[in-house]
Every structure is written in structure tokens, then in C-alpha cells.
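A.B. asks: Provided herewith is a single structure, encoded as C-alpha cells, for subsequent inquiry.
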Amino acid sequence: MKQLQLLLWCFLLIPVFSYGQEKVFPGADETTPSKAQYFSWINNTNEGATEEQTMINLAFFQWLKESYGMQLDIYAFDAGAIDGKRFYGSIYSDRFKKQFPNGFDPIYAKAKGLDIRLGVWGGPDGFGDTPEEEQARIDQMAKLCRDYEFALFKFDAVCGPLPLEKEDAFIRMMKECRKHSPDLILLNHRLGLQRAKPYSTTFLWEGYETYIDVFMTNKGTASHNRAGALTRGLPPEMKRLTEDHGVCLSSCLDYWEDDIVLQAFNRSLILAPELYGNPWLLRDDEFSQLARFFNLHRKYGEIMVNGQTLPESYGPHAVSRGDEATRIITLRNLEWNESTYTVRLDDEIGLSAGDKVTLVQLHPTEKLIGTFEKGEKVTIPVAPFRANMLLATTKKYDEPAIHGADYKVIRNVAGQAVEIELLGMPGESAIITLNDFADFKAAQLNGNASKKLTAGKKVKVKFGGEELNQASHRKLMDLSPSQLTDDVEALYEATVYAADNNALEVRSVQRSGETNIPAVKAARDAFFNQPTFVERGIWDKNLFDGDQATGFWPSTKYKRDQRVKGGCFRLDLGEVTTLDQIIVYVPDDFSLQPLLREEGNYVEVSTDLKQWETLTYLSGTEMVIDLEKSVRYLRFREFPQRMVEIEGYKNGQAVDRSKWRASNLFAHADHMKAQKIWSGKVTLDEVAKDSYLCVAINGKHGVEGAYAAAKVDGALRGAPNRAVSYPSNTWEYVNAKRDKNYTYYIPVSKADVGKEIEVFVMGYDKEYLELSSEVWISAYPAPYESIKLELTRK
């Protein structure tokens, strides 16, 4: 009887084992070359994308393709296009039709014309409670692949979980979709799949999103905000069928290049290079570098599926990728001082073919390092908190290249002139020659013909500017404990007035400046002018735009108040200004709270952040503050929760407000009583362009427990930027909070040469005063001068 029962039990298990042993191809395997992807998260949030905005974004990628040859493989809609947070949607719903009046048809046509395929975010369920609802979900997702050739689904537990009893329906759906898109990539974001797991292509490595200073922050002090992203290691066993969430280009943009180098060439996962957010926020001169990374990755993509980790002597998480003849090597330095690594040009890095090895640096600049015998060792310097990328090959190096100087390939597109930017430090000279000169019939240096270059002869070039005698990145001093001064409050105010509480994306566009590229401007305008961005009140300029339908108010997303110790509303007029009145507008009594109509309230005013005078005004929906004096700074201890406009008047005439700025999250000075202060003095005898002081506060100081500022020949100078970023009225999720290792960034320029600079750190939390602080000077971008080289092919 027991034997019969055992046989029956085995018989019942046969279908499960057979089912479990079914061979499933999940759209890609470890040898599949990477796909270059952009996904639209935080270009929109959970309200979802629209047809209009998507078409504008695609036009941006079209411009990159036409200008620089950059090819995107996948453009993926993120949350809210069909499914959304905690709900499942339909392409037949009124909601979808409102966002996409013409369905996906025009978007698909536009993308297909650019050789781009579409993808979409969603949830794993949506199968409803009846067989009809289940089939409708399967049919809808299959339609995306059949009619629109979708290449990617990102299924996220944010939408909702997949009950175990619905995994069969999920499996049927994936089978049907892959009939039409056999290479369909399924990103598994925290789903917890069981039987259906083989149908997913990837898992979300470490569970991280990469929105800088929201989900990813520095753990230690550093010269920029992306140092934390550069510390990420490698997936288990260097698996490529995982997802690292790509590189977020939306906040804290400086040193984005190093982030992409490690994402695309070091980890080189199935989605690489992978971007999300708002890449149109980069500076105009940075788009060529973005395209260069994409183009290099596409060129070497097939061999980069093979990778090996390098010995510890190559530094943290060093990797070599490629085949027996060509290797791409990625190194990094996570310290304040320059590091040097020795690269051995043989099988240690994976090179086994050939004899002569050409070694080229591809990042942070391009440089022909030289040709070496196989097995030779070459010392490579890597700058602080940066990545370095090398190419070692025993084949002919067929990219445009220059001997004798650093350079960047700006444009290398078939049918167009090759454009190269020669790079040198100010005042330096270089003797250059053109690699593969016989391939070109003409050359121009800064617009002047150079026949010598195309004849293979040496040409001397001299870079502009005054020669530097010191490294642009160097340590200046340690700070020492000192006596509390009478102006410690003014130092704090100097920094919070120099900073802002705008959305991180606003800081990014202000960092990059105006654009002269129509496709970039259109994408920026589409982002910043979308109703959800405007109506969240996260940009101070809304107070000075003449439109009382817009405003600026403290963000309380996800029930997390971003105000520090209750916050304080600060208004900076940009310069000392004589005014008769300032008028503050509030739309209604609810917005006026916690103030109440016709009650007296106070505002403090100052011209220098040192001496403050308190004035009284009556609260209401139109609050008139009588000044009749010169002011620059105004400070409101209590303020309405929602303000929509602020105006200034002199002699009955409205004054220009183009320099006016506001903030609303920093604590009032009365709540920031310094417990200890550290200081140090330095006089700079030279300053490279784009330089800044890095005030590194090492140790635990508490959340918002330490601030830094400076005096330059006695004049107050605040720190407009910090890592981790200052509190902001965020676009999507809330700012990250850190209680240790802040680094403050204070800009300096040639005008500061010879002046006494005194740097201060103030500690405010009496529980955490065991700190050590140091000051470095650094520069971003690196202070190269450039010469334009244009080459015409034969």
C-alpha cells in the first residue's frame, strides 16, 4: 500500500517537475550585448508621461543621434503610463486616452524611425478576478509586443504584489509576449516571484535607486556629491543579468561622467549605458561626451560581455572587459589624494593575442599613452574621487587620435567632419601629430588650415591662459578649534542665504545655465512647465513671476516635513535696495496658516547679515510690509504655508525682481546656537578657473548639526552647495539626511588671489563635537584650455 501511495505521489509530481524543467529563454543571457536605455522616471512621477512630453524627449534623442551618432536602443515609459502606484491600468481607459490621445501609434512611429524600441513600467498582476479579466490583461500586454515591438517590461512591486495563485497567468502572459518580442527584457523589481522567476531577465541589484542625494549619497567626505555612487562594487559573480538602476541625470550633475563610466564599462550589465531622469539638464558642452560614451560602448559592446576582476593592486572593484586582443579597463580612486596603479599589459588584464600593445586612455580625457611590448608595466595616475578608463589592444586602434596632447573626440560621425578638442593646462605648449594622418585630406586648428598635420608632421600648439604652478586639486589646511565669535550667527546666515531650497532639478539647470540647442530647450521647458512640477511649488522663482496661480511652499511629501527645526522664510533681494514697501500675497486663509488674518507678525531685515532690525506687519492675504529704508535680507520666523507672489515698490513703482531669491526650509538662527567652532586661515597665490574650496567635516555631527562658511578679506562668503545636498522642496521623494561627514563647497576665483581667506566650521549638536575638519581646493571641470581641431576625411 505504501509503495502504491509513493507511486501515486510521484505521478502527481511529474507535471511540476516537467514544468519546472521547461527551458525558458528570458529575453537575454549573460552573453547578450548590452542595450542602451533611457527610462522616464522623475521626468514624470506617478502621474505618468504624456504623448506631448514623450515626443519632445524623443526629439532630444533624435538630435543626439543626428549631431553625434548616439543610438538609444530602448526608451521606456516609467510609472503612470499604463499602470501606476497601487493600481493597474488599461490602454483602453479614459485615463490613458487623456495622456495619449492617439495611443502609442505616433510615439511608436517616431521611435521606430530612430531605431529605438519602447518599454514600459508596470505591475506583475492586473489579471483581475475572472477569466475574462485575466485574458484581457494578457491580450493587452501581448498587443504592446505585437503591434509596437516593445522590448522591455519593468514590473515593480510598487504597483502591487503577484499572488502565488496568479503566477500561471503571468507565465502565460510572458510566453505570449515573447512570441512577438523574443528578446523582451523583463526587469524584476522586488517581485518575489517563484514559479514565474525563470521568465524574468534581471533582478534589481542591491535594491538601490540612484537618484543622487535622494536615494544615493556619499558615506564620507568628498570633493563632489557623486562619490557615493562611485563606491558601488560589482554584482555577485559579475552577473550581467541584473539591473543597477542606471545613472540618474537629474540632481547633483558634477562628475556624472565617472558615474557613467563605471555603470556602462565597469559593470556593463544588460542595460548599459542606462540613464533616467533629465539628461537635457546637462550643459551644452557636455552632450558630446555623453554621446561619446554611448558610441564607444556600442562599438565594443560585443566583447565587453566578457569581464574579469583585476588584482587588488588595481584598486577597488577594478575590471577588465574584452577579448584576447582588446581590453577595456576601468579603475577608480575613492580618496582625497591622487592614486597610481600599475597596469601589466598581458594576460593579467586578459590580453593573450599579439605582441605590441597600444594603450589609450578614454577617460577622464582621451590620450594615446603609447605602444608597448606585451608584458610591460605602465603606471596610471587616477585623480581623487574619479574613474579612469583605458583601452589596451594588440589590434590597430581605429578611432581618431592625437599624439602629444590630451584630447576629447567631440564628433566622429560618418559623412561629417571629425571634431576633436585638444586639451592642455593653461600656458602649456605641446608637440602634436595626427594618428592615421593619411586618412584625412584637411585639418584646421581653431579655424586655421594645418597642412603639416595631414602630412604626418609635428605641429606645436600653445594653450591659452596663465600657467599654473600648483595642482588645481590640493590640500590647503586643517582647521583648529577656536573661540566663538560675535559674528557666528552671520556666518551661518551667509551660508543659508547662499544656498537654496529649490528642487534638485532646479539646482541642476541653474548649474548648467541657458542652452542654445532647441531640442534641449524644448525638453527642459516640457519638464519644468508640466503642471505637476509647477503646482508642487518647488521653485522660488514662482514668487517673482507675476502669476498668482504659482507659488513656493515647504514640501511635506510622504508626510515628511523637510523644514529644519520649523524652518524660516528668507528673502534675498540680491543687493542692498531702497524700498518703500514689500507686499506678500497669499491666496486664502487656509494658505495663510499658521498665521491668522489681521494679527501682528514680525519680519527681521538687514543689509549685512550682522545687524538685524525687527519690523511689524499685519497678516492677511495681501500683507504690506512698510520699509522706507535700504534692505537686502528679510527673515520671517513664522510664515504662511503657501505664498504665491512677493512684490517690491519704490515711489509707487514696482521694482525689478530678477535678482530676488527665497528659501523656506533652513532653521532660524535662534534655533542654531553654535556649541563649538573650528577655523583656519589661508592666502591663495593662484586659483584655477572653476575652483572651489571643499570644507570636509569628518565625523558624526548630527543631522544639520554642522555648517561651514568663510570670510574673504573680512567679507562673508557662504557655501552654496554641500554633500549631502541641502534640504530641498523635492520633485519626487524627499532629500536624504545624513548625520556625518558633510562637505561644504565654497566657490573661489582669481579675484581672491592674495586675499586672506578664513574658513569656519560651526558645530551645533553638543552631543557630537568630536570632529576634525580640513580644507581642500579643487576644480570642476578640470581647468584645461582647449584648441579645436577639425579633420576632413578623404
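A.B. asks: For the chain, give the share of DSSP beta bridges that are antiparallel, in percent and rounded to the nearest 5; count only bridges with both residues there. Write down the numbers at each step before the final one.
C.D. replies: Numbers: 134 of 162 bridges.
Rounded to the nearest five, the antiparallel share is 85 percent.
A.B. asks: Let me ask something else. Which value, in debye to the nearest 20, gives the size of the charge dipole of segment 626-689 about its Cα centre, when Lys and Arg are +1 and Asp and Glu are -1 at the Cβ? Spell out each step's value before the answer.
C.D. replies: Working: 13 positive and 9 negative charges, 43 e Å.
Approximately 200 debye in magnitude.
A.B. asks: Among Gly350, Thr340, Thr365, whose Cα lies farthest out toward the positive end of the dipole of segment 319-376, if unit charges sit on the beta carbon of Lys, Arg (+1) and Asp, Glu (-1)?
C.D. replies: The residue sitting farthest along the positive end of the dipole is Thr365.
A.B. asks: Let me ask another. Per the helix-only calculation at 222 nm, which mean residue ellipticity applies to the chain, given -39500 (n - 2.57) for every DSSP H run of n ≥ 4 and division by its residues, nearest 500 deg cm²/dmol? Mind dumping the intermediate values first?
C.D. replies: Details: 15 runs with 152 residues, N = 794.
The helix-only estimate for the chain comes to -5500 deg cm²/dmol at 222 nm.
A.B. asks: So, one more: Within segment 706-725, whose backbone N sits under 20 Å from a point 7 Å along Cα→Cβ of Glu756?
C.D. replies: 709-718
A.B. asks: Further, regarding this structure: Calculate the spin-label point distance for Phe215 paired with Glu30, positioning each point 7 Å from the Cα along the beta-carbon direction, and give it in nanometres.
C.D. replies: Each label point lies 7 Å from its Cα, and together they span 2.6 nm.
A.B. asks: Calculate the spin-label point distance for Thr556 paired with Asp656, positioning each point 7 Å from the Cα along the beta-carbon direction, and give it in nanometres.
C.D. replies: So the label points at Asp656 and Thr556 sit 3.9 nm apart.
A.B. asks: While we're here: What's the FRET efficiency of Glu467 with Gln593 using the Cβ-Cβ distance as r and R₀ = 45 Å, to the nearest 0.05? Each step should come with its number before you reach the end.
C.D. replies: Working: r = 60 Å, r/R0 = 1.34.
Once the sixth-power term is evaluated, E becomes 0.15.
A.B. asks: Counting other Cβ atoms within 10 Å, keep those with at most 15, restrict to DSSP loop, and tell me which trypsin sites (Lys or Arg not before Pro) in segment 131-190 are left.
C.D. replies: Working: sites: Arg137, Lys143, Arg146, Lys154, Lys166, Arg172, Lys175, Arg178, Lys179, Arg190; in loops: Arg190.
Filter output for segment 131-190: Arg190.
A.B. asks: Could you pull out the GluC sites (Glu not before Pro) across segment 724-794 that fall in loop regions by DSSP (anything but H, G, I, E, B) with no more than 15 other Cβ atoms inside 10 Å?
C.D. replies: Numbers: sites: Glu732, Glu756, Glu758, Glu767, Glu770, Glu774, Glu785, Glu790; in loops: Glu732, Glu767, Glu770.
Answer in residue order: Glu767, Glu770.
A.B. asks: Using Cα pairs under 8 angstrom and six or more residues apart, how large is the relative contact order of segment 148-251, in percent? Kindly include the intermediate steps, with their values, before the conclusion.
C.D. replies: Working: 129 pairs, mean separation 25.8, N = 104.
About 25 percent, as a whole number.
A.B. asks: Which FRET efficiency value, to the nearest 0.05, do you get for Gln135 and Val703 by plugging their Cβ-Cβ distance into 1/(1 + (r/R0)^6) with R0 = 56 Å? List each step's numbers first, then the result.
C.D. replies: Working: r = 52 Å, r/R0 = 0.93.
Step by step, r from the Cβ atoms, then E = 0.60.
A.B. asks: Okay, moving on. Dipole of segment 71-114 (Lys/Arg Cβ +1, Asp/Glu Cβ -1, origin at the Cα centre): which of Ala111, Tyr75, Phe100 lies farthest to the positive side?
C.D. replies: Final value for the positive-end residue is Phe100.
A.B. asks: Related question: Before anything else, pin down the relative contact order of the chain: Cα pairs under 8 Å, at least 6 apart, normalised by residue count, whole percent.
C.D. replies: Relative contact order, the chain: 12 percent.
A.B. asks: Residue by residue, what Karplus-based ³J(HN,Hα) values in Hz, rounded to whole numbers, does segment 525-533 have, using 6.51, -1.76 and 1.60 with θ = phi - 60° and x for Gly and Pro?
C.D. replies: 4, 4, 6, 6, 9, 5, x, 5, 5
A.B. asks: Sticking with this one: Along the charge dipole of segment 543-607, pointing to its positive end and built from +1/-1 on Cβ of Lys, Arg, Asp and Glu, which listed residue (Leu543, Gly574, Trp553) has its Cα farthest out?
C.D. replies: Trp553
A.B. asks: Can you give the charge dipole size of the chain about its Cα centre, rounded to the nearest 20 debye, using +1 on the beta carbon of Lys and Arg and -1 on the beta carbon of Asp and Glu?
C.D. replies: Details: 96 positive and 112 negative charges, 396 e Å.
That gives a dipole near 1900 debye.
A.B. asks: Could you go through segment 215-229 in sequence order and give the Karplus-derived ³J(HN,Hα) for each residue, using 6.51 cos²θ - 1.76 cosθ + 1.60 with θ = phi - 60°, rounded to whole Hz, and x for Gly and Pro?
C.D. replies: Those phi angles translate into 10, 10, 9, 5, 8, x, 5, 6, 7, 7, 7, 9, 4, x, 5 Hz.
A.B. asks: Would you mind calculating the gained length between Lys610 and Ile91 on full extension (0.36 nm times residue separation, minus the Cα-Cα distance), in nm to one decimal? Provide the component values of the computation, followed by the final result.
C.D. replies: Numbers: separation 519, 0.36 × 519 = 186.84 nm, distance 6.02 nm.
Net length gain for the segment: 180.8 nm.
A.B. asks: Can you pull out the GluC sites (Glu not before Pro) in segment 145-204 that DSSP calls coil and that have at most 16 other Cβ atoms within 10 Å? Show your work: numbers first, answer last.
C.D. replies: On the way: sites: Glu149, Glu165, Glu167, Glu176; in loops: Glu149.
Sites meeting the loop and neighbour criteria: Glu149.
A.B. asks: Counting only protein heavy atoms and using a 1.4 Å probe, what share of the accessible area of segment 235-365 belongs to carbon plus sulfur, as a whole percent?
C.D. replies: Working: 1520 of 3590 Å².
For segment 235-365, the apolar C and S fraction of the accessible surface comes to 42 percent.
A.B. asks: For the chain, what is the accessible area per residue in Å² when the probe is 1.4 Å? All intermediate terms of the calculation are to be shown ahead of the outcome.
C.D. replies: Numbers: 32270 Å² over 794 residues.
The answer is 41 Å² per residue.
The values are calculated or read from the model by the stated rules, or taken from the named source; none is laboratory data. Bear in mind that the values here come from a model prediction, so they are computed numbers and not experimental data. Counting neighbours? That spans all protein chains shown, and the Cβs are built from the backbone with ideal geometry, glycine included. Protein only, heavy atoms only, side chains kept; ligands, DNA and RNA dropped before computing areas. Shrake-Rupley method; radii C 1.70, N 1.55, O 1.52, S 1.80 Å.
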